[in-house]
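Undergrad: Dumping the structure here so I can ask a few things about it.
The values are calculated or read from the model by the stated rules, or taken from the named source; none is laboratory data. Everything numeric here is computed off the predicted structure, so don't read it as measured data. Methodologically, a virtual Cβ is constructed for each residue, glycine included, from the backbone with ideal geometry; neighbour enumeration extends over all protein chains shown. Surface areas here come from the heavy atoms of the whole protein model, side chains and all, with no ligands, DNA or RNA. Shrake-Rupley method; radii C 1.70, N 1.55, O 1.52, S 1.80 Å.
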Amino acid sequence: MIATNQSAEDYLETIYILQQRIGDVRSIDIVNDTGYSKPSISIAMKKLKTKKYINVDGHGYITLTNEGKAIAEEVYQKHCCLKKFFMMIGVDEQTASEDACNVEHMISQETFECMKTFVNNSLS
């Protein structure tokens with residue numbers, strides 16, 4: 001994965017999830033989903049655009065670039081796998097989701113791959 005900070009990864013993941021859920025995404029959708037202020041989202045989107053992780057068209061619609069989408073998909077995959085793992089060991093869904101959100105940014109690729117294999121084998 002390209003080196004990004006946790007905040008950028010969270011925003012890219014949010015855009016990715018919103019695109020899956022509602023299709024076209026605008027800054028206001030991110031505000032509504034995250035609860036962050038409009039100015040905070042505006043600043044974050046400018047940074048993501050500068051780093052070429054997103055494109056914003058003339059109508060304010062946000063799309064992920066190939067690089068942004070790759071990061072978002074990887075973070076989301078980690079989130080889903082970690083959440084499943086935490087729930088498998090008895091953590092309630094809400095806590096599992098919150099913990100997954102924190103761990104997805106810090107877990108090594110080696111540990112994640114082993115955990116993913118474990119979860120997949122346990123579910124089959």
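Undergrad: Each residue of segment 5-14 in order: what ³J(HN,Hα) in whole Hz does its phi give by Karplus 6.51 cos²θ - 1.76 cosθ + 1.60, θ = phi - 60°, with x for Gly and Pro?
TA: 8, 4, 4, 4, 4, 5, 5, 4, 4, 4
Undergrad: If you don't mind, there's one more thing I want to ask. From the alpha carbon gyration tensor of the chain, can you work out the equivalent ellipsoid semi-axes (sqrt of 5 times each eigenvalue) and give them in Å, largest to smallest?
TA: Numbers: eigenvalues 157, 46, 31 Å².
Ellipsoid half-lengths, sorted descending, are 28, 15, 12 Å.
Undergrad: In whole Å, what is the distance between the alpha-carbon centres of segment 50-98 and segment 1-42?
TA: First find each Cα centre; the distance between them is then 9 Å.
Undergrad: What nm distance separates the two modelled labels at ASP92 and ILE43, each placed 7 Å from Cα along Cα→Cβ?
TA: Spacing of the two 7 Å Cα→Cβ label points: 3.4 nm.
Undergrad: May I ask for the net charge around ALA96, where only other residues with Cβ less than 11 Å from the Cβ of ALA96 are counted and Lys, Arg are +1 while Asp, Glu are -1?
TA: -2
Undergrad: Moving to a separate point now. Using 0.36 nm per residue of separation minus the Cα-Cα distance, give me the extension gain between LEU123 and GLN6 in nm, one decimal. All intermediate terms of the calculation are to be shown ahead of the outcome.
TA: On the way: separation 117, 0.36 × 117 = 42.12 nm, distance 2.91 nm.
Extra length from LEU123 to GLN6 when fully extended: 39.2 nm.
Undergrad: Quick one: pull the percent of accessible area on the chain belonging to carbon and sulfur, 1.4 Å probe, ligands and nucleic acids left out.
TA: Working: 3770 of 7430 Å².
Within the chain, the accessible surface is 51 percent carbon and sulfur.
Undergrad: While we're looking at this one, here's another question. Once you've got the Cα coordinates, tell me which of LYS52/LYS84; LYS51/LYS83; LYS47/LYS78 are over 27 Å apart. Show your work: numbers first, answer last.
TA: Numbers: LYS52/LYS84 31 Å; LYS51/LYS83 29 Å; LYS47/LYS78 23 Å.
Listed pairs above 27 Å: LYS52/LYS84; LYS51/LYS83.
Undergrad: Shifting gears a bit: Measure nothing fancy, just the Cα-based angle from helix 109-123's long axis to the longest principal axis of the chain, in degrees from 0 to 90, nearest 10.
TA: 60 degrees
Undergrad: Once amide H atoms are placed 1.01 Å from N in the peptide plane, what residues at a sequence separation of 5 or more from ARG26, or on another chain, have their amide H within under 5 Å of its amide H?
TA: It is ILE62, by chain and number.
Undergrad: If we count every other residue with Cβ under 15 angstrom of GLN77's Cβ, Lys/Arg +1 and Asp/Glu -1, where does the sum land?
TA: On the way: positive: LYS69, LYS78, LYS83, LYS84, LYS116; negative: GLU9, ASP10, GLU13, GLU73, GLU74, GLU104, GLU113.
Counting the neighbours of GLN77, the net charge comes to -2.
Undergrad: What does the charge count around TYR61 come to, taking other residues whose C-beta lies under 11 Å from its C-beta (Lys +1, Arg +1, Asp -1, Glu -1)? Mind dumping the intermediate values first?
TA: Working: positive: ARG26; negative: ASP24, ASP29, ASP57.
It works out to a net charge of -2.
Undergrad: Once you put a point 7 Å from the Cα of GLU73 and another 7 Å from the Cα of ILE22, both along the Cβ direction, what distance in nm separates them?
TA: 2.4 nm
Undergrad: A follow-up question, please. How large is the accessible surface per residue of the chain, computed with a 1.4 Å probe and reported in Å² as a whole number? Walk me through the numbers on the way to the answer.
TA: Numbers: 7430 Å² over 124 residues.
For the chain, the solvent-accessible area averages 60 Å² per residue.
Undergrad: Then there's this: So between GLU113 and HIS59, what do we pick up on full extension, going 0.36 nm a residue minus the alpha carbon distance?
TA: Working: separation 54, 0.36 × 54 = 19.44 nm, distance 3.97 nm.
Working it through step by step, the gained length comes to 15.5 nm.
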